[in-house]
1. Every residue in segment 279-323 that is among the β-branched types (Val, Ile, Thr) and touching a Leu at 6+ places or on another chain (Cβ under 9 Å), please.
2. Can you list residue pairs whose Cβ atoms sit under 9 Å apart, with the first residue in segment 153-164 being among the β-branched types (Val, Ile, Thr) and the second being open to solvent by less than 100 Å² (accessible area, probe 1.4 Å)? Count only pairs 6 or more apart in sequence or on different chains.
3. Is it fair to say GLN320 is closer than 19 Å to THR212 by Cβ, polar (S, T, N, Q) and surrounded by 13 or more Cβ atoms within 10 Å (Cβ to Cβ)?
4. Filter segment 192-230 down to the residues that are within 12 Å of the ligand (Cβ to nearest atom) and in contact with a Lys or Arg (Cβ under 6 Å, 6 or more places away or on another chain), then identify the one that is nearest to LEU303 (Cα to Cα).
5. Out of (1) in contact (Cβ under 8 Å) with a residue 60 or more places away in the chain; (2) in a loop (DSSP other than H, G, I, E, B), the odd one out for ARG190 is which?
6. Restricting to segment 234-278, what's the tally of residues that are within 11 Å of the ligand (Cβ to nearest atom) and assigned to a loop (DSSP other than H, G, I, E, B)?
7. Residues in segment 101-112: is at least one free of Cβ contacts under 8 Å to residues at least 24 places away in the same chain, of a type outside the set (Asp, Glu) and part of a helix (DSSP H, G or I)?
8. So in segment 294-323, with the set limited to residues that are closer than 13 Å to ALA184 by Cα and among the hydrophobic types (A, V, I, L, M, F, W, C), which one is farthest from the ligand (Cβ to nearest atom)?
Amino acid sequence: MTKVKYYYDPETLSYRKIERKKRRTFKYALFFLTAAALFGFITVFITSQYVESPKEKALKRELANMQIQYDMLNKKMDEASEVLASIEHRDNNIYRVYFEANPIPEEQRKAGFGGINRYKDLEGYDNSKLIIASNKRLDILQKQIVVQSKSLDEIAKLAEDKEKLLAAIPAIQPVSNEELTRIASGYGYRTDPFTKARKFHYGMDFTAPRGTPIYATGDGKVIRADNRSTGYGNHIRIDHGYGYVSLYAHLYKYNVKKNQKVKRGDLIGFVGSTGRSQGPHLHYEIFKDDKRINPTNFYYGSLTPEEYNSLLEKASLENQSLD
Ligand SMILES: [Zn+2]
């Protein structure tokens, strides 16, 4: 209820009501409302600068959480990078070296992506820097993994070949130790049993009774089993591939034919004294790329270190060969 105001009229000697004009009242009201609205608006605007709404608080929390998640992802990428780096190191310095493959150059492993900007869609946000950096790292990591995986495929292939090579090259004694009478003579200068002259002996002589089994020293194919080679008598040649050929001479009998495939340890013939020979023995040679090399380096497959040492000692004595 609005207060009714009065004034004293001296003329009529009575109190009269003060009548306020209606338009004026409306003006007052409008002014008051505008002022109140403005004040309210300014107050809300100022407080909103300092006080967050619940929705804003929730969004901020979400954003902070996302940043933590990104940091964690980056840490995980760090770990993955480290693991990958150690695999790459092993790959370059052990696997590829062992299989005689060239190491993959660092530039090739770490190569980024040139050309167009792949991260354009991610630009223009508050967190663009973080998101683009993380994306870049993951892309590079992915590429490194592809390079590494290809390298391992190559290594697997090389390992398979190496296995074949290891099975192929001559690696055991052609006559077993139990049946061996002695190692008569090794590779090097020896006295010729017939002429008594000092002559280079290109193989190794294993003395054993006539009929003692002779074994193929590596996987391969028999390329000769005949007596048409001067001095060798009945002899066998096995082609092992990779440039290796082994030769077994002065045989009493053959157990294989030309073109037959043999495995390491297969019985191929028997000790005899055919050809230019001074008594039953096996004359054994190894060719690498058509050159005769010292067979003592090729017995690691079957001998203990002690047996190998004693073999080396006996084989290096300059004595008379049996040829
Ligand atoms: Zn000989």
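The values are calculated or read from the model by the stated rules, or taken from the named source; none is laboratory data. Fair warning: this is a prediction, and the values are worked out from it, not measured in the lab. Cβ: placed from backbone, ideal geometry, glycine included. Neighbour counts: every protein chain shown. Each accessible area value is taken on the protein alone, full model and side chains, heavy atoms only, with ligands, DNA and RNA left out. Shrake-Rupley method; radii C 1.70, N 1.55, O 1.52, S 1.80 Å.
1. Residues of segment 279-323 among the β-branched types (Val, Ile, Thr): 286, 293, 296, 304.
Within segment 279-323, ILE286, THR296 qualify.
2. ILE155/ASP91; ILE155/TYR95; ILE155/ARG96; ILE155/PHE99; ILE155/ALA101
3. Details: closer than 19 Å to THR212 by Cβ: no; polar (S, T, N, Q): yes; surrounded by 13 or more Cβ atoms within 10 Å (Cβ to Cβ): yes.
The answer is no for GLN320.
4. THR207
5. Tallying (1) in contact (Cβ under 8 Å) with a residue 60 or more places away in the chain; (2) in a loop (DSSP other than H, G, I, E, B), ARG190 fails exactly one: (2).
6. 5
7. First, the residues of segment 101-112 that are free of Cβ contacts under 8 Å to residues at least 24 places away in the same chain: 102-103, 105-107.
From what's left, of a type outside the set (Asp, Glu): 102-103, 105.
Now drop any that are not part of a helix (DSSP H, G or I), which leaves none.
No, segment 101-112 contains no residue that is free of Cβ contacts under 8 Å to residues at least 24 places away in the same chain, of a type outside the set (Asp, Glu) and part of a helix (DSSP H, G or I).
8. LEU312
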